[in-house]
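Inspection log for the structure reproduced underneath, given as structure tokens.
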Amino acid sequence: MNYDVAIIGGGPAGSTVGTLLRKYNPSLNCLILERETFPREHVGESQLPRIGQILDEMGVWEKVEAANFPIKIGATYRWGASPKLWDFEFLPADKFVDEERPAALVGQRRLTAFQVDRAVYDKILLDHAASMGCEVREGTGVKAIESSGDEVTALVLADGERVTARHYVDASGGAGILRRSLNVEVDIPSSLQNIAFWDYWENAEWAVHIGVGGTKVQVLSLGYGWIWFIPLGPTRTSIGLIVPAEYYKKSGLTPEEVYHRAIQEEPRVRSLIENATPEGEVRRTRDWSFVAKQMVGPNWFLAGESCGFADPILAAGMTLAHVGAQEVAYTILELDRGEHDPEWLRSRYEEAQSKRIRQHVRFADFWYSANGQFTELKEFCASLASEEGLELSADAAFLWLGTGGFLNDKFATAGLGEYSLGAVKGVAELLTQTPATWQINRYNEFQMNLVGATEEEFPMFVQGRIVKQRGYARAGKCLPYAGMCKLVIACLARERRMDRIFEYARASLQRTPGVDDTRAALAEFATTLEALLTEGWVKGKVDKKAPFLSFGRAVGTEGPIKYNESSAEVAR
Ligand SMILES: Cc1cc2nc3c(=O)[nH]c(=O)nc-3n(C[C@H](O)[C@H](O)[C@H](O)COP(=O)(O)OP(=O)(O)OC[C@H]3O[C@@H](n4cnc5c(N)ncnc54)[C@H](O)[C@@H]3O)c2cc1C
């Protein structure tokens, strides 16, 4: 073999795989083949906080920060039936501590995100992969894949060169060259068929300025579609329009007409671009969600967008790409170490990545179902929900969203895709205009319920190693014995009454190294207990003499939805 690992594509997924492989095993011979010469333009600019952690692990966070990208504190939305704007914040804007840029943002790195100019960002990452010892060949497209059965035997380049490797990674994005060439089928778990139009603008105003370099992206519904407004630097802004493909077809308009008409119809964007000029090239792409049915083979992996795509409304694409790529790197490292069952390693990656993409697709569908004109999708969501015996009330929508489970096996916290449980409830509440209920407020005695569960092992990703983590599985759901879940299990083994459980949890959290904010951690404890209760791992009872908990967003308040419960304002 010429190489240990051959990676097709030098986008965020390819660079993440290559960098982490070389970081943890510098003796690996890694090749990244990229058909373009960087910098090259790419759509998809708004990140989620989870990426900060991975950039940190890759050792590239400082290089990205040095590019002076705006710091994303959250997003402002106008969506659904109400014309009002509402905010979705990763951390409360008034708690964002200002620092001169480039900043260290210690502690805040993992609570905020970047809005990146992809030409610059992807080049930083690819150059970093090269500096870590990956052989990077730009302007070198893979033309064909040679295979025998399900095994890849070589990559064929434009000049006819054959590249062979022990492991192959398809990180070629939407091209999915290896996926297509091996005829891997895809699932289309959504009826959304959208088309996106976008251009870049000079000198648009930022909608908000938060400290030095902080802002919020704007997501503004027009009923028939929506507009994104993402500042990428002090003067450059990405402005895009997403509409159903059918709507565009029927409109009879050119891309330029449909795009500029929408922008002029949106008063907030119109005022932000009063003194701005567009580059004048309206790009377009279709953005149909899909999930590959197979993501691993005997000697190959799909990473990033080649294994699936979820509509951009949740800005999750790059996060899915980085997170999945990180797991591919860890899986290859462990396959080489040979300490774990290879089938277990491969299937765990495929299950986790598939679940993450499906959850995002489902959450995106839910968003659209609440947007005035997407009536077909509303029917689609309602019929999916009713198959599970649900009407789309806030609570029902929430339960429907979490059919894949609300417990995140990676960090053993409660959430859906990349969104915390509190945020998901908040969004369900807002979009359905009915208050969501917290099950934990209904009971005041709690007890574990493991009847019918089997013991299972889950992978934990720790500094280049996959560590087996004990846990339970039942009816397609998993309960990892780690993180907050572990603390809930420990507390319930000791106490049953809600007040005593929380006392015990508070004392444990106060003693836990690295927990700086006990209130925030206690709020996370409560949301984890909620997830365990919703999924049946915990049973609730009522003792009329004991006190009850009152947990949740104060109903009727106008406060912003908190994506991250770090403010603990949810605990009343
Ligand atoms: C309209 C739209 C809006 C989006 N908005 C967001 C957003 O706001 N936030 C977000 O996080 N995500 C967003 N995304 C998704 C995001 O763009 C992708 O998830 C992300 O780029 C995936 O990264 P990747 O590394 O898997 O693939 P890519 O970034 O596409 O990288 C793949 C690379 O492979 C190379 N390649 C392809 N074929 C070959 C070949 N045969 N040989 C060699 N190289 C090859 C390509 O040149 C490319 O550089 C959006 C997507 C769309 C369509």
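The values are calculated or read from the model by the stated rules, or taken from the named source; none is laboratory data. Keep in mind the model is a prediction, meaning the values are calculated, not measured. FYI the Cβ positions are ideal-geometry reconstructions off the backbone, even for glycines, and counts take in every protein chain you see. Side chains included, ligands, DNA and RNA excluded: accessible areas come from the protein's heavy atoms. Shrake-Rupley method; radii C 1.70, N 1.55, O 1.52, S 1.80 Å.
Structure notes:
- Note on the stretch 3-54: among residues that are open to solvent by 40 Å² or more (accessible area, probe 1.4 Å) and near the ligand (Cβ under 6 Å from one of its atoms), the one that is nearest to the chain's Cα centre (by Cα) is VAL43.
- In the stretch 163-186, the residue that is most open to solvent (accessible area, probe 1.4 Å) out of those that are of a type in the set (D, E, K, R) and in a strand (DSSP E or B) is ARG166.
- Exclusive hit being within 11 Å of the ligand (Cβ to nearest atom), surrounded by 24 or more Cβ atoms within 10 Å (Cβ to Cβ) and among the aliphatic types (A, V, I, L, M), set ALA303, ALA329: ALA303
- Subset of the stretch 55-65 that is assigned to a helix (DSSP H, G or I) and open to solvent by 10 Å² or more (accessible area, probe 1.4 Å) - its residue that is farthest from the ligand (Cβ to nearest atom): GLU62
- Pairing residues of the stretch 308-336 that are on the phi < 0 side of the Ramachandran plot with residues that are among the basic types (Lys, Arg) and surrounded by fewer than 24 Cβ atoms within 10 Å (Cβ to Cβ), at Cβ distances under 7 Å and at least 6 apart in sequence or on separate chains, gives THR319/ARG50; VAL323/ARG50; THR331/ARG346.
Conditions (1) more than 24 Å from the chain's Cα centre (by Cα); (2) among the hydroxyl-bearing types (Ser, Thr, Tyr), marked per residue:
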{"position": "SER251", "(1), (2)": "yes, yes"}
{"position": "PRO255", "(1), (2)": "yes, no"}
{"position": "GLU279", "(1), (2)": "yes, no"}
{"position": "ARG283", "(1), (2)": "yes, no"}
{"position": "VAL296", "(1), (2)": "no, no"}
{"position": "PHE309", "(1), (2)": "no, no"}
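- When each of ASP94, ASP87, ASP98 is tested for being of a type in the set (Asp, Glu) and surrounded by 14 or more Cβ atoms within 10 Å (Cβ to Cβ), the lone residue that passes is ASP87.
- All conditions in (1) touching a residue at least 12 places away in the same chain (Cβ under 8 Å); (2) under 26 Å from ARG362 (Cα atoms) hold for GLU266, with the sole exception of (2).
- Top-ranked residue in the stretch 342-374 [being not in a helix (DSSP H, G or I) and not aromatic (Phe, Trp, Tyr); ranked as nearest to GLY404 (Cα to Cα)]: ALA370
- Here the strands (runs of 3 or more DSSP E) wholly within the stretch 465-572 that include at least 1 residues being open to solvent by 30 Å² or more (accessible area, probe 1.4 Å) and either out of contact with any Phe, Trp or Tyr (no Cβ under 9 Å at 6 or more places or on another chain) or at pLDDT below 90 (or both) are 477-480.
- Tally of residues being without any contact (Cβ under 8 Å) to a residue 24 or more places away in the chain and under 24 Å from the mean Cα position of the chain (by Cα) across the stretch 421-456: 0
- Condition met for GLU62 (among the acidic types (Asp, Glu) and out of contact with any strand residue (DSSP E or B) (no Cβ under 9 Å at 6 or more places or on another chain)): yes
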